[in-house]
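Colleague: First the structure, which I've put down as structure tokens, then a few questions once you've had a look.
The values are calculated or read from the model by the stated rules, or taken from the named source; none is laboratory data. Everything numeric in this text was worked out from a predicted model, so none of it was measured. Backbone-built Cβ (ideal geometry, glycine too); neighbour counts: all protein chains shown.
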């Protein structure tokens, strides 16, 4: 990297930093303020934004090489992380490569779960924090605002955000394919284990009404019901009341099927026009497989859901290639606009990736 | 406005519908959702051009253009497209525009391709009775509703198949939920049946006092279509007909309804008597 100030990224992410290191590197708001105070009006550090999420801590700014080195040193001291440990996991790039990296991050291409939405808001928060701290200048304003536009374009013009990739979310997506909206769908959770709880939470988060929990241990059902703001029901009532529910999540440790074909058929007689979605997350299975043959009954077991999640993941990965091409093109265009301004301002923007030095 | 004939306007309309169908097909093959605005615009342009063509034809025949199989197919396609433009946008059902474009393209192109369906020119086919014209227009419009119903039913069957067979990816993912499709289908069935009932009531007002004017084949075909749809709705509302069977019934019934257009139409156009094969074509008024 040359001595002239240029746009840079410095940081560590889930790609190279294990969870234990990321925990040490995390920068909550008060620590960002502390770091800014430590850096002070450092010569050479013109602009600085800090992105800190559970998967990455990254600095984006405009600075010369000496200022970036000082930032790295102050950061390691503040966090109590040996410089060598950070250096082993860090990513440092400048110029067009840094712009491309930021675009990849904002679009969700660099996320652990490719295409996830949360990162876009987190990048926005980082930009807002820099603005509030008076650390965003003309370059950061230009870069971040264009990055938001381009990231939105990538997310809407490719399929990187389509298709759920976790078993719980796949089940919710299937329910939406059946019921359209979940606000009127009644959810019954059989079993009070972790996977059932996660799935019930996923349904509630997507608008399902108050779920009902039934477990062989009523006290455990009530405990989980309290945690989920749900209702509890004695387990033996479940087959009898089956017809009153639209979505039944089965996750018990029962060695025999809890829902037989006969029980499902009886439930459907009470509700012939309304579909019944059975989600069998248990091993051994809780629902007799022959129940799938009933009219208006949709039965998915753990294998079915996992296959869909895998297919969605593969489809997203395939789209990532296309999304990266778009990102590279957009980032190149953006850098070509910024570089001359930086150069005119005495910075290092002499051309596309003129002083790019990915050393991380 | 270019000085085109009615059939030329209708060819242009058919081309628009075909373009909408091609646009949707290409998008689906590329694994993407087609642009809703582009599909709506294509169908709206096709509908406008078709309206122009039908207006010209209506002026030429001095009445509603429902005088032969060609016109009946065109009017059915026009009804489906108009209903989609009014109702389809409210339902916000993804892919319904694509399927509507497909249905309209098939109906218009087939009717344009079969020259024999658009025979001799004629005028005043409904005589001087506007009620008969209303009866015919409502009946064919209800067929347009049943056409849209057949599309939502076909979409239901595809969605049901995808969920049952656990193939929910690809273009299946663009289909609406089965419950939404079922609700829309029941509403369309109710609307179509209401239109057909009103049409039959209006027609009965003319036929009951003049039973000699009624062609038995036409009467039987029409009543059979009405009864079948009424039975389907009654069974569905009574909970005796599951959604999938209703969907199959609606797809099959629309096919049967289209076939019934032939006896309905031939009742107005009895084959010429063998004794007068050389009679010149005239624009003689016919009663429906």
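Colleague: Looking only at residues that are more than 8 Å from every other protein chain (Cβ to nearest Cβ) and in contact with a helix residue (DSSP H, G or I) (Cβ under 7 Å, 6 or more places away or on another chain) in the stretch B:163-173, which one is farthest from residue A:292 (Cα to Cα)? Break it down stepwise before answering.
Modeller: Step one: of the stretch B:163-173, the residues more than 8 Å from every other protein chain (Cβ to nearest Cβ) are B:165, B:167, B:170-172.
Now narrow it down to the ones that are in contact with a helix residue (DSSP H, G or I) (Cβ under 7 Å, 6 or more places away or on another chain): B:171-172.
Values: B:171: 23, B:172: 20 Å.
Only one residue fits best here, namely B:171.
Colleague: Moving on. Across the stretch A:272-287, which residue is nearest to the chain's Cα centre (by Cα) among those that are at the interface with another protein chain (Cβ under 10 Å from one of its Cβ atoms) and in a loop (DSSP other than H, G, I, E, B)? Can you show your working first?
Modeller: Keep residues of the stretch A:272-287 that are at the interface with another protein chain (Cβ under 10 Å from one of its Cβ atoms), which gives A:272-275, A:277.
Still in the list and also in a loop (DSSP other than H, G, I, E, B): A:272-275.
Details: A:272: 39, A:273: 37, A:274: 33, A:275: 31 Å.
Step by step, filter the stretch A:272-287, then rank; the result is A:275.
Colleague: Residues in the stretch A:286-298 that are in contact with a helix residue (DSSP H, G or I) (Cβ under 8 Å, 6 or more places away or on another chain) and more than 16 Å from residue A:243 (Cβ to Cβ): how many? Steps first, answer last, please.
Modeller: Here is the first cut: in the stretch A:286-298, the ones in contact with a helix residue (DSSP H, G or I) (Cβ under 8 Å, 6 or more places away or on another chain) are A:287-288, A:290-298.
Then keep just the ones that are more than 16 Å from residue A:243 (Cβ to Cβ); that gives A:288, A:290, A:292-293.
Summing the residues that are in contact with a helix residue (DSSP H, G or I) (Cβ under 8 Å, 6 or more places away or on another chain) and more than 16 Å from residue A:243 (Cβ to Cβ) in the stretch A:286-298 gives 4.
Colleague: Would you say residue A:59 is assigned to a helix (DSSP H, G or I) and crowded, with 18+ Cβ neighbours inside 10 Å?
Modeller: Numbers: assigned to a helix (DSSP H, G or I): no; crowded, with 18+ Cβ neighbours inside 10 Å: yes.
The answer is no for residue A:59.
Colleague: Shifting gears a bit: Looking only at the stretch A:292-302, which residues are more than 14 Å from residue A:274 (Cα to Cα) and either surrounded by fewer than 22 Cβ atoms within 10 Å (Cβ to Cβ) or more than 10 Å from chain B (Cβ to nearest Cβ) (or both)?
Modeller: A:292, A:293, A:301, A:302 - these are the residues of the stretch A:292-302 that are more than 14 Å from residue A:274 (Cα to Cα) and either surrounded by fewer than 22 Cβ atoms within 10 Å (Cβ to Cβ) or more than 10 Å from chain B (Cβ to nearest Cβ) (or both).
Colleague: Scan the stretch B:178-185 and give yes if some residue there is under 16 Å from the mean Cα position of the chain (by Cα) and crowded, with 16+ Cβ neighbours inside 10 Å, otherwise no. Step through it out loud before you land on a result.
Modeller: Going through the stretch B:178-185, the residues under 16 Å from the mean Cα position of the chain (by Cα) turn out to be B:185.
Narrowing further to those that are crowded, with 16+ Cβ neighbours inside 10 Å: B:185.
Yes, because at least one residue in the stretch B:178-185 is under 16 Å from the mean Cα position of the chain (by Cα) and crowded, with 16+ Cβ neighbours inside 10 Å.
Here is a yes/no grid of residues against (1) within 30 Å of residue B:246 (Cα to Cα); (2) crowded, with 16+ Cβ neighbours inside 10 Å; (3) over 29 Å from the mean Cα position of the chain (by Cα):
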position	(1), (2), (3)
A:289	yes, no, yes
A:304	yes, yes, no
A:316	no, yes, no
A:322	no, no, no
A:325	no, no, no
A:337	no, no, yes
A:344	no, no, yes
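Colleague: Does residue B:208 satisfy the criteria of being surrounded by fewer than 16 Cβ atoms within 10 Å (Cβ to Cβ), out of contact with any strand residue (DSSP E or B) (no Cβ under 6 Å at 6 or more places or on another chain) and away from chain A (no Cβ under 14 Å)?
Modeller: Details: surrounded by fewer than 16 Cβ atoms within 10 Å (Cβ to Cβ): yes; out of contact with any strand residue (DSSP E or B) (no Cβ under 6 Å at 6 or more places or on another chain): yes; away from chain A (no Cβ under 14 Å): yes.
Spelling it out, residue B:208 is indeed surrounded by fewer than 16 Cβ atoms within 10 Å (Cβ to Cβ), out of contact with any strand residue (DSSP E or B) (no Cβ under 6 Å at 6 or more places or on another chain) and away from chain A (no Cβ under 14 Å).
Colleague: Further question: Scan the stretch A:46-54 and give yes if some residue there is over 20 Å from residue A:128 (Cα atoms) and surrounded by fewer than 22 Cβ atoms within 10 Å (Cβ to Cβ), otherwise no. Give the derivation first.
Modeller: Step one: filter the stretch A:46-54 for residues over 20 Å from residue A:128 (Cα atoms), giving none.
The answer is no; no qualifying residue exists.
Colleague: Any idea which of B:105, B:137 is assigned to a helix (DSSP H, G or I) and either farther than 21 Å from residue B:255 by Cβ or at pLDDT below 85 (or both)? If you could, list the steps in order and put the result at the bottom.
Modeller: Values: B:105 fails: either farther than 21 Å from residue B:255 by Cβ or at pLDDT below 85 (or both).
Testing whether each residue is assigned to a helix (DSSP H, G or I) and either farther than 21 Å from residue B:255 by Cβ or at pLDDT below 85 (or both) leaves just B:137.
The rows are residues; the columns are (1) under 24 Å from residue B:181 (Cα atoms); (2) in contact with a helix residue (DSSP H, G or I) (Cβ under 9 Å, 6 or more places away or on another chain); (3) not assigned by TED's automatic domain parsing to the domain that holds residue A:178.
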residue	(1), (2), (3)
A:207	yes, no, no
A:232	no, yes, no
A:236	no, no, no
A:246	yes, yes, no
A:250	no, yes, no
A:258	no, yes, no
A:266	no, yes, no
A:270	yes, yes, no
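Colleague: On to the next question. Taking residue A:25, is it in contact with a strand residue (DSSP E or B) (Cβ under 8 Å, 6 or more places away or on another chain), crowded, with 21+ Cβ neighbours inside 10 Å and at pLDDT 95 or above?
Modeller: Working: in contact with a strand residue (DSSP E or B) (Cβ under 8 Å, 6 or more places away or on another chain): yes; crowded, with 21+ Cβ neighbours inside 10 Å: yes; at pLDDT 95 or above: no.
Spelling it out, it is not the case that residue A:25 is in contact with a strand residue (DSSP E or B) (Cβ under 8 Å, 6 or more places away or on another chain), crowded, with 21+ Cβ neighbours inside 10 Å and at pLDDT 95 or above.
For (1) surrounded by 17 or more Cβ atoms within 10 Å (Cβ to Cβ); (2) touching a helix residue (DSSP H, G or I) at 6+ places or on another chain (Cβ under 7 Å), each residue gets a yes or a no:
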{"position": "B:17", "(1), (2)": "yes, yes"}
{"position": "B:26", "(1), (2)": "no, no"}
{"position": "B:31", "(1), (2)": "no, yes"}
{"position": "B:43", "(1), (2)": "yes, yes"}
{"position": "B:48", "(1), (2)": "no, no"}
{"position": "B:55", "(1), (2)": "no, no"}
{"position": "B:66", "(1), (2)": "yes, yes"}
{"position": "B:69", "(1), (2)": "yes, yes"}
{"position": "B:72", "(1), (2)": "yes, yes"}
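Colleague: Scan A:105, A:143 and give me the residue that is within 16 Å of the chain's Cα centre (by Cα) and at pLDDT 95 or above. Spell out the reasoning first.
Modeller: Working: A:143 fails: within 16 Å of the chain's Cα centre (by Cα).
Just one listed residue meets the conditions, A:105.
Colleague: Would you mind finding the one in A:310, A:345 that is at pLDDT below 90, under 24 Å from residue A:64 (Cα atoms) and either within 14 Å of chain B (Cβ to nearest Cβ) or touching a helix residue (DSSP H, G or I) at 6+ places or on another chain (Cβ under 9 Å) (or both)? Working first, answer last.
Modeller: On the way: A:310 fails: under 24 Å from residue A:64 (Cα atoms).
Criteria check complete, one pass: A:345.
Colleague: Exactly one condition in (1) surrounded by fewer than 24 Cβ atoms within 10 Å (Cβ to Cβ); (2) under 19 Å from the mean Cα position of the chain (by Cα); (3) part of a helix (DSSP H, G or I); (4) in contact (Cβ under 8 Å) with a residue 24 or more places away in the chain is not met by residue A:86; state its number.
Modeller: With (1) surrounded by fewer than 24 Cβ atoms within 10 Å (Cβ to Cβ); (2) under 19 Å from the mean Cα position of the chain (by Cα); (3) part of a helix (DSSP H, G or I); (4) in contact (Cβ under 8 Å) with a residue 24 or more places away in the chain applied to residue A:86, the lone miss is (2).
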